[in-house]
Amino acid sequence: MRRQLQTLVQRKFKVLLLLLLLLAFLLHVTTDLALPESRRLCSCDAKAPKAMGTPTGSPLLANLEKLSLRILQDFSGSNGSLEKSSQPQGAGPRGKDGDVGIRHQHGDVSPAGAKGSKLAALFEHPLYNIPLPEVKDKDKLFVVNPMEKFSLWNSGSDEWVSSSKAEMVLPTGKTAYDTYPAWLKFHVGINRYELYPRRDPLMPTLLQDLATMKIVSSVQKSGGTQLKLIMTFPNYGQALFKPMKQSRDQETPADFFYFSDFERHNAEIAAFHLDRILDFRRIPPVSGRLVNITKEIRDITTDKKLAKTFFISPAGNVCFYGECSYYCSTEHALCGKPDQLEGSMAVLLPDKALAKRRSWRSPWRRSYHKSKKAEWELDPNYCTQVRRTPPYDSGHRLLDLIDMAVLDFLMGNMDRHHYETFEKFGNDTFLLHLDNGRGFGTHSRDETSILAPLQQCCSIKKSTYLRLRLLATEPYRLSDLMREALAADRLAPVLAEPHLQALDRRLGKVLAAVGRCLATAAQPHQVLVDDIGSWL
């Protein structure tokens, strides 16, 4: 009798469960049919990547069927990035990617109208939507047919190989443009006016690759006073790795000469974001990364000289020091904890075998001597001499140099002895702001001599001055913008808080210097050189 009763209860329970499931199914169908078609489609599209455990825009989607790949390419804008750089900024529909800094999950970008995002508001401002001249084929670093394909070949250039002459690969030949890796699209997008577009949908993927992509080769970069490594990825992209040498809150001692200072990995990261916020866009993209010294350097290096410098410290940490002319010895070894080491990863520019660059000695180069001073430090009228010297006697080269001086002053970088340009564009092009590792070394002192080009020439681009004024206002406070941008990096916090506060203080001094020039100038246009016309 008891067994019959249990069987009856079980059957009734199963029937009740089936009825509930059927009711839930009918309710779901009814609700779905009641929604507008557009909302149903958006819901499905949004859920698809999550169902696979893959974030939107992730490179893992490249392994899906062709339809999914096509959607990913449309989302990233990769099939049109070559043409977008030739359009006036702000002239067409605005992309949703690249408007704001990357979030903690690299690849996710805040929408342009993100509530509370000062970066989003900044990049919507008219000063950050001034159109560029039309980019013609002659203005592009590389002119390629998007339908052609690339193949890979080995380069003998010394620019990207270590002292061990390890091989690397470069693009030539043929492959469909949509299949190019992010680093190659970055190279192809370089033109006479900018290193990368303001609204670059490629930037999230590029930064994500730098921070997460597998490293297949690590060799030491030849030359230089301090250790730097060339990292190679499976997609043949390469990055310059600068390892962590000191903590973020450690200031350079006041008795140190600028040429004896360490190169800081976090300064490279912060410089990239500051350069972008100033709308110069002349520093190659940089991301922070935590590297495993054992698996991602020692075990895979083909550089025999580098391999000989690894050892285990008394504390049990993996260390190495490489070979260079200054800080490469057991006393200056780089050690992991036990083998994890922070560093900056910067996208390498195209090899000089494909895109020649010209190195220019800065007119305001320091003496790099412990007692001698440079000519500009002794002659207050030094700028008059510079203005008579090519290429500073025409065009915008001198104004670009003053832009660079403003950037360096904000960072506290005294080590700008040279700068580079792409040879193809002659003198009518932007300056590359490379090697920024000696910035952000001090926050309690401001080296006003860095502003000598501005102070002595009393000239600055009108667009630069207006942006600097904007960054001094509360809605667009420079320190807040940098804090927001750097919070996206995997090594956040990138800068100690006093360095962020120093940015606002130094910005005030730049504006004060321009103010003094305006107060003594016969005509304001002699100080604020109009480079935007009547666009605003």
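The table below gives the values:
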{"quantity": "Whole-number percent relative contact order across segment 425-536, with pairs defined as alpha carbons under 8 Å at least 6 apart", "calculated": "39"}
{"quantity": "Inter-centroid distance (Cα atoms) of segment 260-274 relative to segment 371-448, Å", "calculated": "17"}
{"quantity": "Part-to-part distance (alpha-carbon centres) for segment 307-344 and segment 190-214, which is given in Å", "calculated": "30"}
{"quantity": "In segment 474-533, trypsin sites (Lys or Arg not before Pro) in a DSSP loop with at most 13 other beta-carbon atoms within 10 Å", "calculated": "none"}
{"quantity": "Phi to ³J(HN,Hα) by Karplus 6.51 cos²θ - 1.76 cosθ + 1.60 over segment 235-243, Hz, x for Gly, Pro", "calculated": "8, 6, x, 9, 9, 8, 9, 10, x"}
{"quantity": "Rounded to whole Hz, the Karplus (6.51, -1.76, 1.60) HN-Hα couplings of segment 364-374, x for glycine and proline", "calculated": "9, 5, 7, 6, 6, 10, 5, 10, 7, 10, 7"}
{"quantity": "Under-5 Å amide H pairs with V291, H placed in peptide plane, nonlocal only", "calculated": "L341, E342, G343"}
{"quantity": "Whole-percent carbon and sulfur share, accessible surface of segment 357-529, 1.4 Å", "calculated": "50"}
{"quantity": "Which listed pairs, of K140/K372; K214/K304; K242/K424; K136/K228; K118/K185, have C-alpha distances above 31 Å, in listed order", "calculated": "K140/K372; K136/K228"}
{"quantity": "Cleavage-rule hits, chymotrypsin sites (Phe, Trp or Tyr not before Pro), segment 278-378, DSSP coil, Cβ neighbours within 10 Å at most 16", "calculated": "Y326, Y368"}
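The values are calculated or read from the model by the stated rules, or taken from the named source; none is laboratory data. Predicted model only: the values in this text are computed from it and were never measured. Neighbour counts run over all protein chains shown; Cβ positions are idealised from the backbone, glycine included. In case anyone asks, the SASA skips ligands and DNA or RNA and just uses the protein heavy atoms, side chains included. Shrake-Rupley method; radii C 1.70, N 1.55, O 1.52, S 1.80 Å.
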